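All of the numbers you see were taken from the coordinates with simple rules; none came from a lab. Here the structure is a predicted model, which means the values were calculated and not measured. Don't worry about glycine lacking a Cβ; one is built from the backbone with ideal geometry, like all the others, and counts go over all protein chains shown.
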Amino acid sequence: MNKGKAFSLTRIVLIFFCLSTAAVYAELITKSPYSDSMSKKIIFKNANQGKASCVGPGCHCEVSFSYVVEDDTVRVTQTSQTNKDGNDCPVGLLYNPCKLRTSGEDKIYSNQLVCGDEQYTNTKASIAVNTQTEINSVPVIFLGKARGQATTGVKLRAAPDANSEAGKCHNDGGMIETLPKKAGVAVVARTVDKVKVANWENYWYFVQVDSYECSFEKTPAGLPYRGAWVFGEFIKLKP
């Protein structure tokens, strides 16, 4: 094969690869809403239209937008705010391009949208419910964010251990050090085996507290999904 033909073939392969990659990303983002685990949500309704919203303490807005996908980057080209609280809608994608990330250490939600300091996770998991996986090297059974409720006030832990560091969870409205009775949680996963704590024997649940992000002094980066561990004896799973 002469150099001219080889160059043309290479060029065609590269163009096809770029188009295929862009198509994969474009298809990927339309499958499910992206959420920051607090009050912000991004929905890509089709191949070029989306909606961003923030409903919670300190914000109440909804913005429709047009967008384009350029390789692994999503960029908003036009916005139309349908309702607002008098302030700009604090969703990073509306003001700066964001990167799609489809790999990394996350074994459950591997499809994420990274907008500077903001990280939005695709709410559709990459694995099936009841699949064994890991969270921070802890073997767990994925429960698909089953709904649960605290049966009493309980500490939020950095690990599935009653002696591990207790954390704090916060939102724009304040901070809690104990999960309040009847507080709602999304149960992401449980430990593979039950363990005994005091007179109880149960699983440890890894949870996301509704409208809160949890943090730990000895783990500055926080746990995945801004969650925490709670002993299962104090969480009632909803049918």
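Assuming R0 = 45 Å, can you tell me the calculated FRET efficiency for the pair Ser80 and Thr102, based on Cβ-Cβ distance, to the nearest 0.05? Let's see the in-between values first.
On the way: r = 29 Å, r/R0 = 0.64.
For Ser80 and Thr102, the calculated efficiency is 0.95.
In order along segment 214-229, phi translates into HN-Hα couplings of 9, 9, 9, 4, 8, 10, x, 6, x, 8, x, 6, 6, x, 7, 9 Hz, rounded to whole numbers, per the Karplus curve 6.51 cos²θ - 1.76 cosθ + 1.60 with θ = phi - 60° and x for Gly and Pro. The H on the amide N of Val154, modeled in the peptide plane, is under 5 Å from the matching H of Leu179, each at least 5 residues off or on a different chain.
Considering only the Cα atoms of segment 132-237, their convex hull presents on average a projected area of 6.1 nm². For segment 31-122, the percent of C-alpha pairs falling in each 5 Å distance bin, counted from 0 to the bin holding the largest distance, reads 3, 14, 26, 27, 18, 9, 3, 1. Each of Val138, Val185, Val69, Val207 has some number of other Cβ atoms within 10 Å of its Cβ, and from fewest to most they run Val138, Val69, Val185, Val207.
Straight-line reach only, C-alpha to C-alpha below 19 angstrom: list the aspartates and glutamates that Lys99 could link to, leaving out same-chain residues fewer than 8 apart. Answer for Lys99, where 19 Å is the Cα cut-off: Glu27, Asp36, Glu70, Asp71, Asp72, Asp117, Glu118, listed by chain and number. For Leu237, Leu223, the sequence from fewest to most other C-beta atoms within 10 Å is Leu237, Leu223. Each label was represented as a point 7 Å from its Cα along the Cα-to-Cβ direction; for Thr178 and Val114 these points are 3.9 nm apart.
Going from the fewest other Cβ atoms within 10 Å to the most, the residues Arg226, Arg75 appear in the order Arg75, Arg226. 3J(HN,Hα) couplings calculated from phi for segment 114-125 with the Karplus curve 6.51 cos²θ - 1.76 cosθ + 1.60 (θ = phi - 60°) are, in sequence order, 9, 10, x, 7, 8, 10, 10, 9, 5, 6, 8, 5 Hz; Gly and Pro show x. Once backbone amide H atoms are built at 1.01 Å from N, His60 has Asp85 as its partners under 5 Å, excluding neighbours fewer than 5 places away on the same chain.
Put a dot 7 Å past the Cα of Ile141, heading toward its Cβ, do the same for Lys45, and the two dots end up 4.0 nm apart.
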